[in-house]
Amino acid sequence: MSEHTHNSNCGCGEEHEHGEHSLKSSVLRLCVSAVFLVAGLLLHHKGLLWQSLAVCILAYIPVGYTVVWEAVENLLHGKLFDENFLMTVATVGAFFVGEYPEAAAVMLFYQLGELFEHIAVNRSRGSIAALMDIRPDAAHRKTENGTETVPPEAVAVGDILVVSPGERIPLDGVILSGTAQLDTSALTGESLPRTVQAGDSIPGGCIDLDGVLEMRAEKVYAESTVHKILELVENAASKKSRSESFISRFAAWYTPVVVALAVLLAVVPPLVTKDAFSVWIYRALNFLVVSCPCALVISVPLSFFGGIGGASRCGVLVKGSTYLEALSYADTVVFDKTGTLTQGVFRVSAIHAQGMSDADLLYYAAGAEQFSSHPIAVSLCRASKTVPVQSDIRAMKNHAGKGVSAIVGGREVLAGNEKLMQESGISVTVPPENGTVVYVAVDGVYAGSIVITDALKPDAAEAIAALKADGIRTVLLTGDRQENADDAAKALGLDEVHAQLLPTDKVAHLEAILQNSRGKVIYVGDGINDAPVLARADIGIAMGKLGSDAAIEAADVVIMNDALSSIRTVRRISAKTLRIVRENIVFALAVKAVILLCSALGWTGLWMAVFADVGVCLLAVLNALRALRK
């Protein structure tokens, strides 16, 4: 491909203006070349060969000088076998064998094909750019003198911002006043608006539909959800799939081989058949033009680029084509429970106090958990009518995977699971209800238990059934009690359950699953406390929870709408993308093989060679654009 096609990028206004100027310049050069070519053909037809040569050179220069120049530059840098080199040798060789109009026409139609391909590629990138057009233009910051308009990058944490209807939320923050409907489709793919009010956290990039909001900035722009998503999409192409890597390796040896064959085709047959060298040199030139592997080199990455764009339309962010490809080969999906299969909204459903009132038990549990952001800790603090002041809490310690301990109001409190109590030599009474149980001990004496429940997500059962219909094995790894895990597995129809696991236990179980699986293994978690498992799985999928930082950072795939059904959706997009990639590879290689054989036998001229190169490439690119569709 020519340089302008490789480097085209969906970017800012300056790049867009440069692209428009480049497009107009290309069209003008093609028109000038076409006029001279028509004149050259007429002169050649009348037998005025020298005049025809001069006019055909004038036709060749506007469309050929960039290709020749890049071929020379690449040659000086040791890059011999690229498309520019092949086109230069083929067309200059055609001049030497007296095919002046064909030499100019081949370069003209080659550049015409390049132009159409350039437009098609930019259109696909433009679709993704429009889809991900969530970058806020400005922020309206409150000051002592009123409101000032500043770039989002200039906003500091704690600044008060005003958002009017129709404007984008500039960056992550908390609503101080106002109520509005937010369009979150660019982030989540969810078409229904989300209602927000004072106290709600909102991510940047959403559109305020109908209310004036006053918000406090919680993050600078570089750390905001919108910036991280844009960065993720822009860098998605950096991780190549196996198909892309194969095509790169294939092109590296394929082109030198066909160049060597073209040289042999030009030299050996004339020595054997005593034919004129010009006949076989012309056939060799055809052979060179046909051999260009650009249809594969461009269309395969473009197919994956389109697949990533199609996934993002559905609220699923894929961090690279290597992960999009791997999704198709998955045969096992491993789930976390809390916040993944369940709604992650914990509520205290039962209290069993021993030696104190229910209110006191909640008071001590909430005091010990007060500084934790874990959903269970939040639910305890929400349920307790009184929470100790911070000055009454000392020596707080987190026991990973077990619970917490602290001095609350001068009394030593343990709050956690059965393992924490066993380590402290405290016997517990298991409550009759199913749910997450927080056992509490005060001053080394068992004080009771608090049962917390979390409802399954509405679409969980349907999503699991759809995966199983596709032949996927489903596994649950959770730190919750065995009874709760079994209940969830039975309700959802999961194939395998492992409960009461610490984070390190989850990794160990996942290792065993990876060793026993023939295909790829997907791990689905909430991206906050499952980072080690997400990183170890072949593909880590995080439930984004509308902009969870940890989810965006930790996983290979982020489901921004929290819908479990999106797992099957993105797998289908993966399968469709790979199908398009295979179609392009088979189509391009088949057509080139036929035309290469015909060129060697002298059955085709440079015109057919141009179709086999540029035409096949253009058709492959247009086919690749199908990956953009949902």
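The values are calculated or read from the model by the stated rules, or taken from the named source; none is laboratory data. What you see is a predicted model, and the numbers here were worked out from it, not measured in a lab. Quick reminder, even Gly has a Cβ in these numbers, built from the backbone with ideal geometry, and neighbours come from all protein chains shown. The protein model used for the area step is the full one, side chains on, heavy atoms only, and it has no ligands, DNA or RNA in it. Shrake-Rupley method; radii C 1.70, N 1.55, O 1.52, S 1.80 Å.
At a 1.4 Å probe radius, carbon and sulfur cover how many percent of the accessible area of segment 352-488? Display every interim value, and only then the final one.
Details: 3140 of 6250 Å².
Ligands and nucleic acids excluded, carbon and sulfur give 50 percent.
Quick one, can you get me the convex hull of the C-alpha atoms of segment 470-512 expressed as volume per residue in Å³?
With only Cα atoms used, segment 470-512 gives 63 Å³ per residue.
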Point to revise | Cβ-placed point charges (K, R +1; D, E -1), dipole of segment 357-456 about Cα centre in debye, nearest 20 | key: 220 debye
Revision key, fill the gap. Going residue by residue through segment 473-490, the Karplus relation 6.51 cos²θ - 1.76 cosθ + 1.60 with θ = phi - 60° gives ³J(HN,Hα) values, rounded to whole Hz and with x marking Gly or Pro, of 7, 10, 10, 10, 10, 9, x, 6, 4, 4, 5, 5, 5, 5, 4, 5, 5, 5
Check your understanding: Amide H neighbours of Ala350 under 5 Å, counting only residues 5+ apart in sequence or on other chains, H built in-plane at 1.01 Å?
Key -> Val451
Check your understanding: Label points 7 Å out from Cα along the Cβ direction at Lys490 and Leu49: separation in nm?
Key -> 9.3 nm
Review point. If the cut-off is 19 Å between C-alpha atoms, which lysines fall inside it for Lys319, apart from same-chain ones fewer than 8 positions away?
Key: Lys228, Lys239, Lys240, Lys520, Lys545, Lys576, Lys630
Revision key, fill the gap. The computed P(r) of segment 298-382 puts the percent of Cα pairs beyond 20 Å at 60 percent
Revision key, fill the gap. For segment 431-503, using Cα atoms only, the Rg and Dmax in Å read 15.4, 54
Exercise for review: Kindly provide log₁₀ I(q)/I(0) values, in the same order as q = 0.15, 0.16 Å⁻¹, from the Debye equation applied to equal alpha-carbon scatterers of segment 343-464.
Suggested key: -0.62, -0.70
Practice item. Return one whole number: the accessible area per residue of segment 300-417 in Å², for a 1.4 Å probe. Key: 39 Å²
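For Thr195 and Lys419, FRET efficiency with R0 = 35 Å and r from the beta-carbon atoms, rounded to 0.05? All intermediate terms of the calculation are to be shown ahead of the outcome.
Values: r = 41 Å, r/R0 = 1.17.
That pair, Lys419 with Thr195, gives E of 0.30.
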Check your understanding: With each label point set 7 Å from Cα along the Cα-Cβ vector, what nm distance links Arg518 and Arg394?
Key -> 6.3 nm
Study note, to complete from the structure: For Ser25 and Val257, extending 7 Å from Cα along the Cα-Cβ vector and measuring point to point gives, in nm, a value of 3.8 nm
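Provide Rg over Rh for segment 18-62; use the alpha carbon set for both Rg and the Kirkwood Rh (inverse mean inverse pair distance).
Values: Rg = 12.8 Å, Rh = 11.0 Å.
Looking at segment 18-62, the ratio lands at 1.17.
Pop the C-beta distance of Tyr65 and Ser278 into the FRET formula with R0 = 30 Å and round what comes out to the nearest 0.05.
Working: r = 26 Å, r/R0 = 0.86.
Once the sixth-power term is evaluated, E becomes 0.70.
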Practice item. Pull out a ≥ b ≥ c, the square roots of the eigenvalues of the alpha-carbon gyration tensor of segment 449-569, then state rounded if a/c is under 1.5, prolate if not and a/b is larger than b/c, and oblate in the remaining case. Key: rounded
Practice item. Considering the options Gln482, Gly448, Leu514, tell which one lies farthest towards the positive end of the dipole of segment 437-547, charges being +1 on Lys and Arg and -1 on Asp and Glu at the Cβ, about the Cα centre. Key: Leu514
Revision key, fill the gap. A student applying the Cα gyration tensor rule (rounded when a/c is under 1.5; otherwise prolate if a/b is larger than b/c, oblate if not) would label segment 495-542 oblate
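Take each of the peptides 307-317, 577-587, 507-517, average the number of other beta-carbon atoms within 10 Å over its residues, and list them starting from the highest.
In descending order of packing, they fall as 307-317, 577-587, 507-517.
How far, in nm, would the chain grow between Glu223 and Val97 when pulled straight, counting 0.36 nm per residue and subtracting the alpha carbon separation? Don't skip to the end; give the middle numbers.
Details: separation 126, 0.36 × 126 = 45.36 nm, distance 6.24 nm.
The Glu223-Val97 span can extend by a further 39.1 nm.
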Practice item. Hey, could you grab the Kirkwood Rh for segment 327-373? Inverse mean 1/r over distinct alpha carbon pairs, Å, one decimal. Key: 14.2 Å
Study note, to complete from the structure: Out of Ile376, Leu414, Tyr364 - ranked by how far each Cα lies towards the positive end of the dipole of segment 345-417, with unit charges on the beta-carbon of charged residues - the top one is Ile376
Point to revise | From phi via Karplus (6.51, -1.76, 1.60), per-residue ³J(HN,Hα) for segment 310-323 in Hz, x at Gly/Pro | key: x, 5, 5, 5, 9, x, 10, 9, 10, 7, x, 5, 4, 7
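Just to confirm a number: summing +1 for Lys and Arg and -1 for Asp and Glu over residues other than Ile160 whose beta-carbon lies under 10 angstrom from that of Ile160, what do you get?
On the way: positive: Arg141, Lys142, Arg216; negative: Asp159, Glu214.
Result for the neighbourhood of Ile160: +1.
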